[in-house]
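Asks: Pasting a structure below so you can have a look.
What follows is calculated from the coordinates using simple rules that are stated; it is not laboratory data. Treat the numbers as computed from the prediction; the structure is a model and nothing was measured. Glycine gets a Cβ as well: all are built from the backbone with ideal geometry, and neighbour counts include every protein chain shown.
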Amino acid sequence: MTFTISRRIGKFVFDRRVVLLLVLAGLLVAARSWLATHPEHNPWAPLDLNDPRGWATQQKLVALRDDVATCRAVLERSEVGFRALEPAGEGECRREDRTRLSGYPLSPDTPATTCPVAVAMELWKRDTLEPAAREIFGSEVARIEHLGAYSCRRMYGREDGPWSEHATANALDIAGFVLADGTHISVLSDWQGEGDKQRFLRAVRDGACGAFSTVLSPDYNAAHADHFHFDMDSRWTSVCR
Ligand SMILES: [Zn+2]
């Protein structure tokens, strides 16, 4: 009698384990096939800027900061035109990674930056800048006016202290925007107040925080009264202000 009961209990436990394993295997298969159709949520899928943004996008962007080859492969995969320029400079201003986007509307020219900055610029243009111009002004972005990417100097041009991200062109300063309908929006003249231009500038500043690791605007300090500073420094905690 005792023998039969314990055998039955044993069989029952065994069946439950089998059912549990089958359920887990089913979940695994379902998760794998879901991830295959949602690469933006899959940390192992290569980053493609044409995919929607997802849970894994940010982590993949961060990973590009130390890997030029992987970063340039992202631009190629995403069909973003660029040229890889020869390394240049010495010491703290040595630039191993000089990547110049081809079709980007920077004005007066498109400077070479690091590849992670180029990827972030493209992401920001697609996800934030162009939608904001359409939504607020019903127009397209014709030109993005910049104040430079590369500058061999320490932060704020000081004699000592940490080197600026500009020393390796891992940064970009943006001064204003010109839309296809002729609207001109300037960080210096249009930051203060309440209106479409102010709403636009705040939207593009806030949206930049999802693409760049550091975003500084006139809200940050007086040194940024006339431009947005965007960079891809490797600090874990980023500034977005
Ligand atoms: Zn700057």
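Asks: Can you compute the FRET efficiency between residue 96 and residue 155 using 1/(1 + (r/R0)^6), with r the Cβ-Cβ distance and R0 = 22 Å? Round to the nearest 0.05.
Replies: With R0 = 22 Å, the Cβ-Cβ based efficiency is 0.55.
Asks: Using R₀ = 25 Å, calculate the FRET efficiency as 1/(1 + (r/R₀)^6) where r is the Cβ-Cβ separation of residue 189 and residue 59; round to 0.05.
Replies: Calculated transfer efficiency: 0.10.
Asks: For the chain, which longest stretch is free of loop sites, where a loop site is one of the chymotrypsin sites (Phe, Trp or Tyr not before Pro) that DSSP puts outside H, G, I, E and B and that has at most 12 other Cβ atoms within 10 Å?
Replies: Between the exposed loop sites, the longest stretch runs 56-235.
Asks: Hey, fewest Cβ within 10 Å first, where do 37, 214 land in order?
Replies: In order of increasing Cβ crowding within 10 Å: 37, 214.
Asks: For the chain, count the residues as N, evaluate 2.2 N^0.38 Å, and divide the Cα radius of gyration by that value, please.
Replies: 1.39
Asks: Where the centre of each part is set by its Cα atoms, how far does the stretch 80-149 sit from the stretch 170-241, in angstrom?
Replies: Here the answer is 14 Å between Cα centres.
Asks: How high is the relative contact order of the chain, in percent, with contacts defined as C-alpha pairs under 8 Å that are six or more residues apart?
Replies: About 13 percent, as a whole number.
Asks: Additional query: What are the principal axis extents of the Cα atoms in the stretch 134-234, in Å, biggest first?
Replies: 45, 23, 22
Asks: With runs of 4+ DSSP H residues as the only contributors, calculate the mean residue ellipticity of the chain at 222 nm using -39,500 (n - 2.57) per run, divided by the residue total and rounded to the nearest 500.
Replies: -11500 deg cm²/dmol
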